[in-house]
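Below is one structure; the comments refer to it alone.
The values are calculated or read from the model by the stated rules, or taken from the named source; none is laboratory data. Predicted model, so just to flag it, every value in this text is computed and none were measured. Using ideal geometry, Cβ is built from the backbone for each residue, glycine included, and neighbour counts are taken over all protein chains shown.
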Amino acid sequence: MIRFNSIREWKSYCFNTHRKYLNNVYFTKWIKEKIIYIFNHSNLRNENIKQVKRGIEKAIALIGLHFKLKCPNYKFYNLSLIVENGNIIGDKMLKMVTSTRKRNNNCYASIFVVDKPIKSLDAVLKHGEALTYVSEGITLFTFDPLKKSSLKFLRDRAMHETFHLLGLNVHHEETKVQGYKQLVPCNMEYNAPSSHLCRKCKDALKSFWQGIEYATKKQFIKS
Ligand SMILES: [Zn+2]
Ligand SMILES: [Zn+2]
């Protein structure tokens with residue numbers, strides 16, 4: 001648990017967290033493109049993908065960012081190349097995406113919806129879990145198409161993970177800031193129990209992007 005004595009201290013901490021990201025060549029590129037692609041590489045039905053898309057859109061709108069969402073209706077990558085023992089290998093996925101970007105000379109943020117477990121380091125992520133590489137602008141969601149997920153579950157999970165992608169790297173319960181009521185439920189609690197984003201987490205994201213605007217002299221937040 002990280003403690004902050006005032007809202008001001010919290011906002012200033014978040015404002016300054018961009019530094020480590022802006023040193024990363026991928027990060028500066030994907031934020032400049034201002035486009036996020038959703039690649040559906042799962043058997044999830046269209047109505048389910050629509051909820052994922054809605055969650056992502058809602059996250060972008062809540063912070064007021066200039067990012068646009070694109071959702072191609074074809075399978076762009078050949079994921080069978082990076083599946084081992086039934087799991088998608090996170091590291092290989094990362095390499096696949098970054099080398100494709102290099103070839104195509106673009107660097108859009110990419111959100112993948114897959115229906116296999118994802119192996120990352122020693123952990124295997126299963127149904128409803130996700131993995132985000134903020135610097136590279138890549139998120140992997142895994143949903144089990146055989147398990148019934150409520151539309152709200154898909155939407156709230158997508159929203160939560162998009163907030164990670166957009167720079168919020170702490171969960172709601174990991175910080176205590178004097179001045180905010182520790183209001184729960186908040187979408188940024190570990191299990192994303194709600195579509196509501198509390199003021200503390202919203203201020204964190206806004207301050208993060210204000211920091212990026214300040215450092216890059218470019219506009220990201222809608223005025
Ligand atoms: Zn999380
Ligand atoms: Zn919160």
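Selection of first residues in segment 197-208 that are within 18 Å of I56 (Cα to Cα) and at pLDDT 95 or above and of second residues that are near ligand 2 (Cβ under 8 Å from one of its atoms) and part of a helix (DSSP H, G or I), restricted to Cβ pairs under 8 Å at least 6 apart or on distinct chains, gives the following pairs, ordered by first then second residue: C198/H172; C201/H172. Do you know which residues across segment 181-219 are crowded, with 17+ Cβ neighbours inside 10 Å, out of contact with any strand residue (DSSP E or B) (no Cβ under 7 Å at 6 or more places or on another chain) and of a type in the set (F, W, Y)? Passing the criteria: only F208. The set of residues in segment 156-180 that are among the aromatic types (F, W, Y) and either crowded, with 23+ Cβ neighbours inside 10 Å or more than 14 Å from ligand 2 (Cβ to nearest atom) (or both) contains only F163. Residues in segment 125-181 that are in contact with a Pro (Cβ under 8 Å, 6 or more places away or on another chain) and under 25 Å from R101 (Cβ atoms): L125, T142. Scanning segment 161-189 for residues that are aliphatic (A, V, I, L, M), within 14 Å of ligand 1 (Cβ to nearest atom) and outside any helix (DSSP H, G or I) returns L166, L168, V170, M188.
Here A192, A204 are screened, and the one residue that is in a loop (DSSP other than H, G, I, E, B), of a type outside the set (D, E, K, R), within 14 Å of ligand 2 (Cβ to nearest atom) and touching a helix residue (DSSP H, G or I) at 6+ places or on another chain (Cβ under 9 Å) is A192.
Close contacts from segment 155-173, counting a first residue that is in contact (Cβ under 8 Å) with a residue 12 or more places away in the chain and a second that is surrounded by fewer than 21 Cβ atoms within 10 Å (Cβ to Cβ) and among the acidic types (D, E), with Cβ to Cβ under 8 Å and a gap of 6+ residues or different chains, come to H171/E189; H172/E189; E173/E189.
In the condition set (1) at pLDDT 95 or above; (2) closer than 19 Å to F4 by Cβ; (3) in a loop (DSSP other than H, G, I, E, B); (4) among the charged types (D, E, K, R), K218 is compliant with all but (2). Within segment 63-75, one or more residues are in a helix (DSSP H, G or I), under 19 Å from the mean Cα position of the chain (by Cα) and not small (G, A, S).
Kindly indicate whether L131 is at pLDDT 95 or above and either within 16 Å of ligand 2 (Cβ to nearest atom) or under 27 Å from N106 (Cβ atoms) (or both). Against the criterion (at pLDDT 95 or above and either within 16 Å of ligand 2 (Cβ to nearest atom) or under 27 Å from N106 (Cβ atoms) (or both)), L131 does not qualify. Checked against the criterion of being under 21 Å from K53 (Cβ atoms) and touching a residue at least 60 places away in the same chain (Cβ under 8 Å), the candidates L151, L140 yield just one match: L151.
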